[in-house]
1. Let me confirm something: among Thr48, Thr82, which residue is assigned to a helix (DSSP H, G or I), of a type in the set (S, T, N, Q) and out of contact with any Lys or Arg (no Cβ under 8 Å at 6 or more places or on another chain)?
2. Could you check region 125-147 and list, in sequence order, the residues that are in a loop (DSSP other than H, G, I, E, B) and at negative phi?
3. Checking the conditions here, which among Ser371, Ser295, Ser344 is at pLDDT below 90, among the small types (Gly, Ala, Ser) and either surrounded by 13 or more Cβ atoms within 10 Å (Cβ to Cβ) or farther than 21 Å from Leu98 by Cβ (or both)?
4. Every residue in region 98-124 that is of a type outside the set (A, V, I, L, M) and assigned to a helix (DSSP H, G or I), please.
5. Within region 76-91, which residues are at pLDDT 90 or above and among the basic types (Lys, Arg)?
6. When you scan region 334-354, how many residues do you find that are in contact with a helix residue (DSSP H, G or I) (Cβ under 7 Å, 6 or more places away or on another chain) and not hydroxyl-bearing (Ser, Thr, Tyr)?
7. More than 24 Å from Gly69 (Cβ to Cβ) and touching a residue at least 24 places away in the same chain (Cβ under 8 Å): which single residue out of Lys163, Lys167 fits that description?
8. Can you find a residue that is touching a strand residue (DSSP E or B) at 6+ places or on another chain (Cβ under 9 Å) and surrounded by 12 or more Cβ atoms within 10 Å (Cβ to Cβ) anywhere in region 159-175?
Amino acid sequence: MNKPASQNDTDSSNGFLLISKYRNAIMGIAALWILAFHAWIPVTPVPTAEHFNLLGFLERYLKIIGYCGVDIFLLLSGIGLTYAIKKGSVIRFYYRRLRRILLPFLVVSVFLWQVFRWSTSEFIKHISGYDFFFEKADGIMWFVFAIVTLYLFFPLYYKIFGKAKNKILFTGIVIAIWLIISLIVQNIMRIDLYGFTNRIPVFLIGILFGHITQNHKNIVFKAWTYVLLVVILTAGLILTYFTTLQNVYLILPVGNCFLPNLLIAVSLPFLIAKILDLAERHLSLFGKILVMVISFFGTFTLESYCIQEWFIKIIPDLMNDGISIHLINLGMFFVINATAWVASVLFKYFWELVELPFNKKKNNNLEHKDS
């Protein structure tokens, strides 16, 4: 008689549950990938037609497509929001999202205000999002305004999504409508905005994945499932090569931020989660330490992103001063991550102090009700 599958066995066979289990680790890898995109200086010889250097090509290619980390963030955000929306009222949902974003964004904005010597009007245009929506959507800390916009519309979308009988079909129809509108307005809308709007589908797919994770826990990923995911990832990487390095136009303006990134974002997290699961189960202590270390970088991703915008501005000066590339890379890695971690801890304690009176009042009311 076969033994019933344990909960751990079930979790290991369900790729969606694995993504949920290793969410912080996947976020950590995405954050480090974005950091490499912003701050890493290649150290291997430049490949040429006469002397092709595979390691040099891979290093530069993986750096230049580091923006794919953003799409992984959006996928995971879509998944996470399907849990967050069920933890209280819509007002509380918005408050918790704002609390997460506000301090990192404002603190770094104030520093940048001083570093770049913005005028007061320029500073206001930046923090209000005016420059993102009306001037340049790919400017400093653009991701903050992009994710806030998605947060604002999420509760309404999720309410409609929840009423759909076939969630996969509904998501497909919404993405099709998005694509039609995007094609219609491509001669009207600013091209730089496509860097944001082209990533809406991966966010919507994240919402679908969140629903599947919570409501279809018996899904089993077979070996062929992972083979298919590798094929999808490979297709995404190939398309990214052509759209990013060869400037091939693909369907929409800024086409690399649509189909290539989407293919990478919907496949790579499953593969990462499975690799980490295998590492934990078969590499014993080393696997657990590996997951713990990578997950650490996933706990302060927003702080890391915002702080990068400040530190990377000094890289050209450091290079002009003759400082070793290796030293700059190591310095940027440690300084940015250490600063981001300290900032995340300080922000956490700040909000705990702010909310302390309200929590005390809530606890007192509960005690009074119990008595």
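1. On the way: Thr48 fails: assigned to a helix (DSSP H, G or I).
Among Thr48, Thr82, only Thr82 is assigned to a helix (DSSP H, G or I), of a type in the set (S, T, N, Q) and out of contact with any Lys or Arg (no Cβ under 8 Å at 6 or more places or on another chain).
2. Taking region 125-147 and keeping what is in a loop (DSSP other than H, G, I, E, B), we get 129, 135-141.
Once the filter is applied, which keeps residues that are in a loop (DSSP other than H, G, I, E, B) and at negative phi, region 125-147 yields Glu135, Lys136, Ala137, Asp138, Gly139, Ile140.
3. Values: Ser295 fails: at pLDDT below 90; Ser344 fails: at pLDDT below 90.
The unique qualifying residue is Ser371.
4. We begin by selecting, within region 98-124, every residue of a type outside the set (A, V, I, L, M); these are 99-100, 104-105, 109, 111, 113-114, 116-123.
Answer for region 98-124, where residues must be of a type outside the set (A, V, I, L, M) and assigned to a helix (DSSP H, G or I): Arg99, Arg100, Pro104, Phe105, Ser109, Phe111, Trp113, Gln114, Thr120, Ser121, Glu122, Phe123.
5. Taking region 76-91 as the starting set, the residues that turn out to be at pLDDT 90 or above are 76-86, 90-91.
Correct list: Lys86 only.
6. Residues of region 334-354 that are in contact with a helix residue (DSSP H, G or I) (Cβ under 7 Å, 6 or more places away or on another chain), as a first pass: 335-337, 339-340, 343-344, 347, 350-351.
Restricting the remaining residues to those that are not hydroxyl-bearing (Ser, Thr, Tyr) gives 335-337, 340, 343, 347, 350-351.
Of the residues in that region, 8 qualify.
7. Working: Lys163 fails: touching a residue at least 24 places away in the same chain (Cβ under 8 Å).
Just a single option satisfies the conditions, and that option is Lys167.
8. Scanning region 159-175 turns up no residue that is touching a strand residue (DSSP E or B) at 6+ places or on another chain (Cβ under 9 Å) and surrounded by 12 or more Cβ atoms within 10 Å (Cβ to Cβ).
The values are calculated or read from the model by the stated rules, or taken from the named source; none is laboratory data. Since the model is a prediction, treat every value here as computed from it, not as a measurement. Please note: Cβ atoms are built from the backbone with ideal geometry, for glycine as well, and neighbour counts cover all protein chains shown.
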